[in-house]
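Comments concern the structure below.
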Amino acid sequence: MKHLKALNKYFWKYRIRLGAGVIFVFLSNYFNVLSPQVTGFVIDFVQQLFPGYTAPKNPPRYDALVKEITSGISHAGYGWVKVVALCGITILVLALLRGFFLFLMRQTVIVMSRYIEYDQKNEIYTHYQKLDTAFYKTHSTGDLMNRIAEDVSRVRLFTGPAIMYLANLIAIISLSVFFMVKRDAELTIYALAPLPILAITIYFVNNTINKKSEQIQASLSDLTTNAQESYSGIRVIKSFVQEKAMLGFFAKNSEAYKKNAIGLAKVEAIYFPSITFLIGLSTLLTIMIGGLHHIANPDKTNLATIVEFVMYVNMLTFPVSAIGLTASMIQRAAASQKRINEFLDTIPSVQNAENAVLHPLQGDINFINVNFTYPHTGIHALKDFTLRIKKGEKVAIVGRTGSGKSTVAQLLLRMYDVAEGKIELDNINIQQIDLKMLREQISYVPQDVFLFSETVENNIGFGLGGASRAAVERAAKQASVEKEIAAFSHQYETMIGERGVTLSGGQKQRISIARALIKNPDLVIFDDCLSAVDARTENEIIGNLNEYLQDKTAIIITHRIFSLFSFDKIVVLEEGAIVEQGTHPELLARNGSYAALYARQQEQESGQSDRDADD
Ligand code: ADP
Ligand code: MG
């Protein structure tokens, strides 16, 4: 329950709504408990007309407002028809007043819960964006989605309905028990006796229902995943003739879902009749014990008392049955809030330094004895890495897959902080530089391309937040993708992704390059971003880049050697350590790893062109 304390700040923020809501709850219940009293009065009044009626020695003590109304009616000397009609109208007015305040109660409490839900979602989303890459590596997207959607709506059931039911319960119980005890204390005990059993039963049954619903939810999500994979993998399924096997899987999941759903239906089938039974029992006890009281002591308990009590008991059954519901709502909200707090309390390991300097990049990048081990996996990705890149230099980082090339880029962008050694920009440790400014000044083309389900134009202009069409087109041209975009049905307005065109790997890479180029920064990092591009396009892009990068600093990460591009420095990485560095001719002359890599590449390429010639 302590986890729900995190919500106090919201309750405080919306205290006026909450306070008003509680007042409305009391008012609506106040008008609710008056109607049995008016009914009691009418019954007494009509009974007087029958011969042999003796008025009770101690008349019932009604609420002040009811007394006011009833004495007005009885002293006016109306006939019984008029009295009954007037009392009927009074009851109708009371019901309308009750309804009016119920409306206001929902307008305050439920609306407050919606506001809290909105605030909470924004709070979580904002926090998600602050969390570091390491966090995202260790938590699945499904988990993140669940906490911002499912868990927040469970918490809302607490801040809205649960609080409303609770206030309602306290109001109706205190008001009705107050008037019942005034009327007949002993009969009150009998009438209310079955109600706690009702509350407890509902609590347990409700927990069972929740558990079953969760199972249903889980099997439904299995079923959906299964179906989804079959649709997206339909080509593989058909070509391997596995339709039958897939149907088998689906049928199995479907069967599990059906079983759970039927289980739930069974519990619910028992649930509702047993509630009705318990409520009926309360009414029955009231009439029976009330009757016995009347026989023993007709002055104290009469027909009006019994009718009033039956009405009170009926009034109490819904709020009392809501106890079980409310308790399990609160329990589930606490569990959900705990999961939300877990994330909100996660402190991002990469943070903006206090007194961070706003440093516009001049030029020099300096990696000084950097050692880096990935948290969680313990892979030592960079070993004693020392590299100096001067302003305007073009540096290539070459090496096999897994040699630590991408890690260099990740560290420079501060996706992770280095543990040992340091990275400096113009002699300032990058951990001291304002994080936003650091990242804004670097254009990064990641190895794994990610495009949004958006138009081509918005994907390219993403980093600028409002780029002109001319700028977008220029960037597309520089990335050698403009011809293909021109061939799309809606050119730059074409949607990408699920709802639009499916792009080839190379097209995606080039749009991702255009997105980086449009920023026109001083430092660019390309991480293996030409891997899915054919040789001719590669040459075209490199030709464009030569021009574009003229007065920029560039780090080009690649597992293939671009011999057409003249790098100021080529660094060869092997298992996280620099094994060679120099210019292309220098490294070839050394006849080491680089020369070997180059020779292998030449061989492969000539093999490829031979094959092309054979076709
Ligand atoms: P390259 O880009 O040269 O292919 P990387 O820098 O991506 O190599 O990876 C270097 C090593 O670090 C590899 O062994 C890889 O498995 C590991 N690695 C890369 N990224 C992560 C990560 N986010 N978490 C844990 N280990 C990683
Ligand atoms: Mg890589």
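Assorted remarks:
- Residues of segment 525-567 satisfying the condition of being closer than 17 Å to Gly392 by Cα, of a type outside the set (A, V, I, L, M) and part of a strand (DSSP E or B): Phe526, Thr553
- Residue, nearest to Ser468 (Cα to Cα), within segment 520-533, restricted to residues that are open to solvent by less than 20 Å² (accessible area, probe 1.4 Å) and more than 16 Å from ligand 1 (Cβ to nearest atom): Pro521
- Being modelled with pLDDT under 85 and small (Gly, Ala, Ser) holds for only one residue in Ser336, Ser328, and it is Ser328.
- Screening segment 396-435 for residues that are touching a Lys or Arg at 6+ places or on another chain (Cβ under 9 Å) and small (Gly, Ala, Ser) and picking the one that is farthest from ligand 1 (Cβ to nearest atom) gives Ala396.
- Within segment 524-537, residues that are touching a residue at least 40 places away in the same chain (Cβ under 8 Å) have Cβ atoms under 8 Å from residues that are part of a loop (DSSP other than H, G, I, E, B) and more than 14 Å from ligand 2 (Cβ to nearest atom) in these pairs: Val524/Leu549; Val524/Lys552; Thr537/Ser480, counting only partners at least 6 apart in sequence or on another chain.
- Selection of first residues in segment 1-26 that are β-branched (Val, Ile, Thr) and of second residues that are surrounded by 15 or more Cβ atoms within 10 Å (Cβ to Cβ), restricted to Cβ pairs under 6 Å at least 6 apart or on distinct chains, gives the following pairs, ordered by first then second residue: Val22/Ala167; Val25/Met105; Val25/Ala167; Val25/Asn168; Val25/Ala171.
- Count of segment 361-379 residues, restricted to those that are surrounded by fewer than 22 Cβ atoms within 10 Å (Cβ to Cβ) and within 16 Å of ligand 2 (Cβ to nearest atom), is 3.
Residues are listed down the side, and each one gets a yes or a no for (1) farther than 25 Å from Leu549 by Cβ; (2) open to solvent by 70 Å² or more (accessible area, probe 1.4 Å):
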position	(1), (2)
Tyr444	no, no
Thr455	yes, no
Arg469	no, yes
Glu484	no, no
Phe488	yes, no
Tyr492	no, no
Ile496	yes, no
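- Whichever residue in segment 534-579 is more than 16 Å from ligand 1 (Cβ to nearest atom) and hydroxyl-bearing (Ser, Thr, Tyr) and, among such residues, is surrounded by the fewest Cβ atoms within 10 Å (Cβ to Cβ): Ser566
- For segment 556-570, a tally of residues being within 14 Å of ligand 2 (Cβ to nearest atom) and closer than 21 Å to Leu523 by Cα returns 4.
- Exclusive hit being modelled with pLDDT of 80 or more, within 16 Å of ligand 2 (Cβ to nearest atom) and either touching a strand residue (DSSP E or B) at 6+ places or on another chain (Cβ under 7 Å) or closer than 30 Å to Lys391 by Cα (or both), set Asp527, Asp522: Asp527
- Every residue from segment 330-347 that is assigned to a loop (DSSP other than H, G, I, E, B) and surrounded by 15 or more Cβ atoms within 10 Å (Cβ to Cβ): Thr346
- Test: residue in segment 36-55 that is surrounded by 20 or more Cβ atoms within 10 Å (Cβ to Cβ) and in a loop (DSSP other than H, G, I, E, B): no
- Residue selected from segment 280-329 under the condition aromatic (Phe, Trp, Tyr) and open to solvent by less than 40 Å² (accessible area, probe 1.4 Å), by the criterion farthest from Leu102 (Cα to Cα): Phe309
- Among the criteria (1) more than 35 Å from the chain's Cα centre (by Cα); (2) within 19 Å of Ile555 (Cβ to Cβ); (3) not polar (S, T, N, Q), the one Glu482 does not fulfil is (2).
- Scanning segment 372-395 for residues that are within 13 Å of ligand 1 (Cβ to nearest atom) and part of a strand (DSSP E or B) yields Phe372, Thr373, His380, Ala381, Leu382, Lys383, Phe385.
- Between Gln447, Gln550, Gln441, Gln478, the distinction of being within 24 Å of Leu413 (Cβ to Cβ), touching a Cys at 6+ places or on another chain (Cβ under 9 Å) and either touching a residue at least 60 places away in the same chain (Cβ under 8 Å) or of a type outside the set (Lys, Arg) (or both) belongs to Gln447 only.
- Only listed residue being touching a residue at least 24 places away in the same chain (Cβ under 8 Å), surrounded by 23 or more Cβ atoms within 10 Å (Cβ to Cβ), away from ligand 2 (no atom under 16 Å from the Cβ) and over 30 Å from Pro360 (Cβ atoms), chosen from Tyr594, Tyr598: Tyr594
- The residue pairs whose first member lies in segment 397-415 and is assigned to a loop (DSSP other than H, G, I, E, B), whose second member is near ligand 2 (Cβ under 9 Å from one of its atoms) and not small (Gly, Ala, Ser), and whose beta carbons are closer than 7 Å, counting only pairs six or more residues apart or on different chains, are Arg400/His559; Thr401/His559.
- Segment 390-417: number of residues that are within 13 Å of ligand 2 (Cβ to nearest atom), farther than 27 Å from Leu131 by Cβ and of a type outside the set (A, V, I, L, M): 4
- If you go through segment 65-78 and keep only what is in a helix (DSSP H, G or I) and open to solvent by less than 70 Å² (accessible area, probe 1.4 Å), you end up with Leu65, Val66, Ile69, Thr70, Ser71, Gly72, Ile73, Ser74.
- Sub-6 Å Cβ pairs linking a first residue in segment 559-582 that is touching a residue at least 60 places away in the same chain (Cβ under 8 Å) to a second residue that is among the acidic types (Asp, Glu) and within 16 Å of ligand 1 (Cβ to nearest atom), at least 6 apart or interchain, are Val572/Glu580, ordered by first then second residue.
- Test result for Leu387, open to solvent by less than 50 Å² (accessible area, probe 1.4 Å), within 16 Å of ligand 2 (Cβ to nearest atom) and either farther than 21 Å from Pro446 by Cα or assigned by TED's automatic domain parsing to the domain that holds Ile525 (or both): no
- Against the list (1) under 18 Å from Val418 (Cβ atoms); (2) away from ligand 2 (no atom under 16 Å from the Cβ), the condition Met315 fails is (1).
- Filter result for Leu503 (at pLDDT below 80, more than 16 Å from ligand 1 (Cβ to nearest atom) and in contact with a strand residue (DSSP E or B) (Cβ under 7 Å, 6 or more places away or on another chain)): yes
- Scoring Val205 on the criteria (1) open to solvent by 30 Å² or more (accessible area, probe 1.4 Å); (2) hydrophobic (A, V, I, L, M, F, W, C); (3) modelled with pLDDT of 85 or more leaves a single failure, condition (3).
The values are calculated or read from the model by the stated rules, or taken from the named source; none is laboratory data. All of these numbers come straight from a predicted model, not from anything done at the bench. Cβ sites come from the backbone with ideal geometry, for glycine too, and all protein chains shown count toward neighbours. SASA here: full protein model, heavy atoms, side chains in, ligands and nucleic acids out. Shrake-Rupley method; radii C 1.70, N 1.55, O 1.52, S 1.80 Å.
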